[in-house]
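Contents: one structure, followed by commentary.
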Amino acid sequence: MSKAKKGKSVAAAPAEAPIAMVSMIDFVSDDVKASAAFFEKQFSSKISYAPGMEMMPGVSFGTDLGAMLREKEGHDNDQRSIMYITVPSIADEIKRLVSLKAKIRVGATEVPDFGQYAILTIPGGLAFGLWESKDPDRPKTPTTREPHTENTVSFLELTSEEPQKSGDFLSKAFGWKFDHWAEGGDYWYCKGDSKTFSIGLRSAHEHVDTNEVIAFVNVKNVDAALKKVTGKGRAKKLSDKLQMGPFGFYAYLEAPGAFKVGIWENIPHDDHEKKESAKETKEVKEPAAKKAAPAKKAGGNKAPAKKAAPVKKAGGNKAPAKKAAASGAAAGGRKRAASGSAGAPAAKKAKK
């Protein structure tokens, strides 16, 4: 990502929490009940209803990441989804991020008994949210997870008007490192680990509009998943099976309620490397084996020479000559006389 210009002071991410924790996604749906039923049936997601918020069911993906389904009415028409980041203090974080040129879209807003949130727009046109929880048991930092467990979220994809600018901001603000994926065109990627989600950042395209957050759910096989989750009364297929380089396969869907979600099939890198290594080893060994084959045949032609020994015995009187040769060679050791095949021709010449 581009570096900050010299002479400008930049408010860096807090030293004690360099990698921000993505805690929730706010999905805007045209039909909340249908959307909740889809996640529950197709991805075995746990649906919960908080007291007083029955119209906004929560979706658990089996990880620290959750989602809230919100009715479109009364919400920003141009915003279908928002990614929220957990912060210790909404007030302090808004002040810090505004100094980095973020703009306040929705100021600090109280959610009774739960916490408060705010929504900002950052350079590049990307909107995202901040969340300060009142729940003392809610994790403040990520816990270890397995990033490719079936029916959990693998990674998030954000769409921005100018992905590079948005990536620059997120790098400075939260310590996320975005690298450009050349093969993906205008695509930037922040690789996660066992405690943080990987995040893709790109401009709008034929399947996704600007300012949408796509949660990619892990599946064993994209082809099988497309058959399972799409069709009448289920999701609408927005794309065929696509491939992201050597990393995996994916597809875009429109879930009931008209919001978008992705499915992801990971290509295990360890297995791929082992297969390639085994293939190279086999290719090296096969030519060597072919060259060694003639040597084995040459060894096999020596057998008839040994069978010729009885023919030499046909003379009858030649046997004592062999014994004499053997006794003469005994000075050099019996084993040498017995094993030395050159002894027989020498004895034959002596007799003649």
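Details
Here is a yes/no grid of residues against (1) of a type in the set (Gly, Ala, Ser); (2) farther than 26 Å from Phe216 by Cβ; (3) over 34 Å from the mean Cα position of the chain (by Cα):
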| residue | (1), (2), (3) |
| --- | --- |
| Ile82 | no, no, no |
| Ile90 | no, yes, no |
| Arg96 | no, yes, no |
| Lys101 | no, yes, no |
| Pro112 | no, yes, yes |
| Pro123 | no, no, no |
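- Whichever residue in the range 215-234 is buried (at least 21 other Cβ atoms within 10 Å of the Cβ) and in contact (Cβ under 8 Å) with a residue 60 or more places away in the chain and, among such residues, is farthest from Leu69 (Cα to Cα): Val219
- In the range 206-224, the residues that are at negative phi, in contact with a strand residue (DSSP E or B) (Cβ under 8 Å, 6 or more places away or on another chain) and in a loop (DSSP other than H, G, I, E, B): His207, Val208, Asp209, Thr210, Glu212, Val219, Lys220, Asn221
- Here Asp209 does not qualify as of a type in the set (Asp, Glu), in contact with a helix residue (DSSP H, G or I) (Cβ under 8 Å, 6 or more places away or on another chain), at pLDDT below 85 and surrounded by fewer than 18 Cβ atoms within 10 Å (Cβ to Cβ).
- Qualifying positions in the range 103-121 - of a type in the set (D, E, K, R), under 22 Å from Ala50 (Cβ atoms) and either touching a residue at least 12 places away in the same chain (Cβ under 8 Å) or not assigned by TED's automatic domain parsing to the domain that holds Ile90 (or both): Asp113
- Yes/no for Ala13 being assigned to a loop (DSSP other than H, G, I, E, B) and at pLDDT below 90: yes
- Matching entry among Leu97, Leu65 (being in the same structural domain as Phe27 (by TED's automatic domain parsing), modelled with pLDDT of 85 or more and buried (at least 18 other Cβ atoms within 10 Å of the Cβ)): Leu97
- Scan of the range 232-249 for residues that are part of a loop (DSSP other than H, G, I, E, B), modelled with pLDDT of 90 or more and farther than 23 Å from Ile199 by Cα, ordered by number: Arg234
Yes/no matrix, rows are residues, columns are (1) buried (at least 17 other Cβ atoms within 10 Å of the Cβ); (2) over 28 Å from Val59 (Cβ atoms); (3) at pLDDT below 90:
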| position | (1), (2), (3) |
| --- | --- |
| Phe155 | yes, no, yes |
| Asp168 | yes, yes, no |
| Tyr187 | yes, no, yes |
| Ser194 | no, no, yes |
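The values are calculated or read from the model by the stated rules, or taken from the named source; none is laboratory data. The structure displayed is predicted, hence computed values, not measured ones. Glycine also receives a Cβ, built like all others from the backbone with ideal geometry; neighbour counts cover every protein chain displayed.
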